[in-house]
Amino acid sequence: MIDSTSIISYVTFIFGASALFYAIGWIFKSKTAGNLGTAAMAIATAVNVGAFILRWMETYWVGYGHAPLASLYESLVFFSMTIGLIYLFVEYRYKFRTIGVFAALSAFLALAYASLPSVGSQIQPLMPALKSNWLIIHVMTYFVGYAALTLAFCASLLFLIKSAGKNPDTGVLGHIPGFKALDDLTYQMVMLGFLFITLGLVTGAVWAEQAWGRYWGWDPKETWSLITWFIYATLLHARLMRGWEGKRLAYLSVLGFAAVLFTYFGVNLLPGLHSYL
Amino acid sequence: MNDNIKSIDLTDRVWNFLASVKLSVVLLLTLAFTSIIGTLIPQHKETSQYLQKYGEFWHGIFKTLNFYDMYGSWWFQFLLALLIINIIVCSIDRLSATWKIIFPEKPVYRADRFRKSEHRQSLTTAQAPEAIQTAITGYMEKHFRHSRTERSESGYLVYGEKGRWTRLGAYVVHMSILLLTLGVLISSLFGYEGRMNLPVGETSSTMILRHSDARVALDFSLRCDDFSVKHYPSGRPKEYRSELAILKNGEEVARRSLIVNDPIRYQGFNIYQSTYGRIPGDTFTLAFTDNASGLQINKKASMNEEIAMPGGKGTIIVQDYSNNFNFRGHNLGPTYLCMLIPESGDPRPLILPVEHPNFDRMRQGAYTISIKDLEYRYFTGLQISRDPGIPIVFTSFAIMILGFIVTFYMAHRQVCIEVARKNSGETAVLISGISPNRRPGMNMRVKRVAGSIERIIAQRNNS
Ligand code: HEM
């Protein structure tokens with residue numbers, strides 16, 4: 001019988017293929033390659049959703065029965081899935097595909113990381129502190145937020161690539177959407193991401209109160225998510241000030257994404273309560 | 001006179017400084033970067049650990065800068081306070097202007113602003129401007145909260161507007177942060193937390209405060225009827241469960257199971273399953289092994305009881321118990337401390353480690369004494385807290401999220417449809433939009449309106 005873990009290893013490669021197609025479509029301005037990229041992205045995302053649901057069922061089959069959001073591996077699978085879903089929505093709404101290169105690459109990298117033996121894909125039972133419905137809400141809201149912020153990062157990256165060129169409106173750089181559209185998309189995604197990481201922060205606080213008797217404790221993971229939150233709050237306000245447009249906002253978005261990555265992966269190197277995820 | 005002007009000038013400058021978004025950007029970034037320190041340097045540890053880790057020099061610097069209690073340090077709290085002042089001053093500073101924008105006596109629309117807008121769509125039709133006027137005003141009235149038509153030289157303009165009130169969203173968010181601050185202040189001023197270790201079968205109404213170790217008497221008491229730990233087959237812990245009864249004036253008022261993640265809330269107190277442990281039971285067996293014959297004699301014993309040694313060799317009194325007895329630098333684990341009173345001679349201490357039955361051989365007496373059949377009892381470790389700030393903090397969360405939804409997903413939008421007869425005799429329709437608070441997505445909205453208008457005109461053409 002085929003299990004979710006092996007399905008996910010196929011999905012990894014479909015995301016990889018999607019990134020490749022999108023890249024070819026971008027560089028050679030090939031519509032066919034672009035279509036293939038979108039098709040691969042849609043298939044990878046759909047199968048990723050299926051694998052997520054299958055793994056949920058598998059936790060019941062082994063007798064534990066919990067939402068598959070309780071380990072690093074499971075969070076990465078959910079992360080790539082949300083990147084795929086939000087990206088497809090953005091592509092549909094904005095009708096541009098260059099961002100697909102980075103979106104598909106992010107999903108591919110997340111799943112490639114998940115496949116490392118050190119990450120460990122076994123289904124583990126929940127320890128008592130994790131047995132809560134808040135786990136589902138907290139992790140889901142955070143990863144929807146992270147996925148949106150990943151896309152904001154992709155848009156900012158394209159912005160910086162485009163603005164680094166001498167002739168941003170010709171050649172390969174010319175295929176990148178205009179500055180205005182990228183800026184708009186970054187802002188749109190930061191707003192979505194900020195809303196959801198705030199929801200994550202808030203549900204985390206409510207849960208921490210239930211599990212440990214305090215809603216805030218300055219543990220490293222909590223503190224780093226607050227740092228991330230401060231950076232994106234800065235971005236939103238910086239945008240209100242004239243003169244803080246374009247490149248500077250793109251740098252802030254890159255900085256914010258670096259904080260997201262550290263909150264997600266780096267904090268495990270520091271001691272604290274959250275070390276299980 | 002001159003001084004007066006200068007001081008007004010200064011107050012103005014301080015006020016403008018405190019009201020500026022520039023200050024908030026600087027503060028938010030500074031808070032983000034300084035917060036990192038406390039995640040790299042472990043907080044609230046022993047001085048000796050810090051000295052070992054950082055050495056004399058850096059320890060001195062870190063200590064002066066309060067890096068060991070960073071989030072409670074005066075400078076970090078100062079930054080937070082400044083941010084709060086910034087929010088308050090900024091809100092006061094802008095609210096009256098925003099209020100006038102939100103509730104204008106008569107909204108003014110300036111055609112040239114729309115003509116310059118980057119969000120524009122245009123179409124042409126053979127129909128005369130007057131012929132399509134009712135259709136267009138009808139559409140605008142239906143889709144916008146306010147709409148108005150103005151004449152122009154060669155036609156007319158129809159304005160539509162909605163969502164002025166959404167500009168209050170940012171104020172809602174900022175107010176929620178003030179409310180959050182209030183809640184956190186109340187938590188830190190009036191909240192307290194303690195622990196209670198309650199052996200199975202016992203009742204207590206005393207908790208020990210976390211920071212001061214002071215004892216506090218609660219006006220109710222807790223009785224632990226049972227405690228259990230469940231494990232998964234792999235050995236991971238699955239559940240810690242205490243069966244608790246709450247007693248008021250000696251009478252049982254409630255009975256509940258307590259597990260992690262499901263605290264008991266009682267009269268403003270929150271009771272959490274925090275830890276557990278074992279303590280030895282009341283009775284056990286003393287085993288006397290005759291060093292000559294190897295013969296063993298068992299005697300039941302309990303705390304503070306006098307036990308006669310076999311063969312009339314004296315008496316033993318069990319005086320004390322330690323979970324981790326330290327003997328010449330070795331941790332012997334759970335250990336009973338007794339007094340041995342021989343038939344003749346001075347009493348001497350007797351050390352009986354539970355896990356080392358041969359320990360007493362060292363004494364080289366007639367018998368080697370050890371502990372047998374010791375039964376342990378569980379105690380449940382409860383965390384008990386009271387925090388009147390929690391409802392305020394959680395309310396502020398809800399308001400903040402609501403404010404975000406309003407600010408991010410409901411926008412102040414204005415659309416203008418300019419209809420004018422061209423020299424060629426055709427009619428030009430220009431659809432343009434502005435988002436005065438610069439929300440994204442305006443382009444898409446304008447396209448959508450243009451699509452609808454095109455359809456309306458086409459329908460009239462057909463009919
Ligand atoms: C952690 C603290 C803060 C949070 C979470 C926060 C949140 C927000 C959000 C979400 C917006 C809407 C942004 C947008 O439309 O893109 C906003 C707008 C704004 N914020 Fe803040 N803010 C904070 C602190 C401050 C401070 C300290 C100031 C002080 C000057 C400030 C001034 C403003 C102003 C002037 C606006 C624009 C309001 C308008 O559009 O009328 N904010 N804030």
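The values are calculated or read from the model by the stated rules, or taken from the named source; none is laboratory data. Fair warning: this is a prediction, and the values are worked out from it, not measured in the lab. Here the Cβ positions follow ideal geometry from the backbone for every residue, glycine too, while neighbour counts run over all protein chains shown. Heavy atoms of the whole protein, side chains included, go into the accessibility calculation; ligands, DNA and RNA do not. Shrake-Rupley method; radii C 1.70, N 1.55, O 1.52, S 1.80 Å.
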For B:Leu27, state whether it is within 13 Å of another protein chain (Cβ to nearest Cβ), in contact with a Leu (Cβ under 8 Å, 6 or more places away or on another chain) and not β-branched (Val, Ile, Thr).
-> yes
What residue, of B:Thr34, B:Thr11, is in a helix (DSSP H, G or I) and away from the ligand (no atom under 16 Å from the Cβ)?
-> B:Thr11
What about A:Gln210, is it in a helix (DSSP H, G or I), surrounded by 21 or more Cβ atoms within 10 Å (Cβ to Cβ) and facing another protein chain (nearest Cβ under 9 Å)?
-> no
Got a sec? Which strands (runs of 3 or more DSSP E) wholly within region B:179-265 have at least 1 residues that are within 14 Å of chain A (Cβ to nearest Cβ) and touching a Leu at 6+ places or on another chain (Cβ under 8 Å)?
-> B:192-199, B:203-209, B:237-248, B:251-259
Please enumerate the residues belonging to region B:318-347 that are under 16 Å from B:Tyr367 (Cα atoms) and in a strand (DSSP E or B).
-> B:Cys338, B:Met339, B:Leu340, B:Ile341, B:Pro342
A careful count of residues in region B:227-251 that are exposed (fewer than 12 other Cβ atoms within 10 Å of the Cβ) and among the acidic types (Asp, Glu) gives 1
Taking the options A:Val190, A:Val202, name whichever one is in contact (Cβ under 8 Å) with a residue 24 or more places away in the chain and either surrounded by 21 or more Cβ atoms within 10 Å (Cβ to Cβ) or facing chain B (nearest Cβ under 9 Å) (or both).
-> A:Val190
Which of the residues belonging to region B:12-46 are farther than 25 Å from A:Asn268 by Cβ, open to solvent by 70 Å² or more (accessible area, probe 1.4 Å) and of a type outside the set (D, E, K, R)?
-> B:Val14, B:Trp15, B:Asn16, B:Phe17, B:Val26
Selected residue (criterion: farthest from the chain's Cα centre (by Cα)) from residues of region A:213-224 that are free of Cβ contacts under 8 Å to residues at least 40 places away in the same chain and more than 7 Å from chain B (Cβ to nearest Cβ) = A:Arg214
Selection within region B:47-60 - small (Gly, Ala, Ser) and either under 19 Å from A:Leu269 (Cβ atoms) or open to solvent by 40 Å² or more (accessible area, probe 1.4 Å) (or both) = B:Ser48
Within the bounds of region A:60-80, is there any residue that is surrounded by fewer than 17 Cβ atoms within 10 Å (Cβ to Cβ) and either part of a helix (DSSP H, G or I) or assigned by TED's automatic domain parsing to the domain that holds A:Val190 (or both)?
-> yes
Answer with yes or no whether A:Thr170 is more than 11 Å from chain B (Cβ to nearest Cβ) and of a type outside the set (Gly, Ala, Ser).
-> yes
Before we move on, is B:Asp69 within 16 Å of the ligand (Cβ to nearest atom) and open to solvent by 30 Å² or more (accessible area, probe 1.4 Å)?
-> no
Given the conditions (1) out of contact with any helix residue (DSSP H, G or I) (no Cβ under 9 Å at 6 or more places or on another chain); (2) without any contact (Cβ under 8 Å) to a residue 60 or more places away in the chain; (3) of a type in the set (Ser, Thr, Tyr), report the number of the one that B:Ser147 does not fulfil.
-> (1)
Where B:Ser91 falls short, out of the listed (1) open to solvent by less than 50 Å² (accessible area, probe 1.4 Å); (2) more than 16 Å from the ligand (Cβ to nearest atom); (3) of a type in the set (S, T, N, Q) = (2)
Every residue from region A:229-248 that is within 10 Å of the ligand (Cβ to nearest atom), open to solvent by less than 50 Å² (accessible area, probe 1.4 Å) and in a helix (DSSP H, G or I) = A:Trp229, A:Phe230, A:Tyr232, A:Ala233, A:Thr234, A:Leu235, A:Leu236, A:His237, A:Ala238, A:Arg239
So which of B:Asp373, B:Asp346 ends up being of a type in the set (Asp, Glu), more than 30 Å from B:Thr124 (Cβ to Cβ) and touching a residue at least 24 places away in the same chain (Cβ under 8 Å)?
-> B:Asp373
If you go through region A:169-179 one residue at a time, do you hit one that is without any contact (Cβ under 8 Å) to a residue 40 or more places away in the chain, more than 24 Å from B:Met444 (Cα to Cα) and either under 24 Å from the mean Cα position of the chain (by Cα) or assigned to a loop (DSSP other than H, G, I, E, B) (or both)?
-> yes
How many residues are within 16 Å of the ligand (Cβ to nearest atom) and closer than 22 Å to B:Arg413 by Cβ when one looks only at region B:96-134?
-> 8
Please find, among A:Ala33, A:Ala104, A:Ala70, the residue that is of a type outside the set (Phe, Trp, Tyr) and closer than 26 Å to A:Ala129 by Cα.
-> A:Ala70
Determine whether region B:406-417 contains at least one residue that is open to solvent by 30 Å² or more (accessible area, probe 1.4 Å) and within 17 Å of B:Ser176 (Cβ to Cβ).
-> yes
Failed condition for A:Leu116, given (1) modelled with pLDDT under 90; (2) more than 19 Å from A:Trp207 (Cβ to Cβ); (3) not in a helix (DSSP H, G or I) | (1)
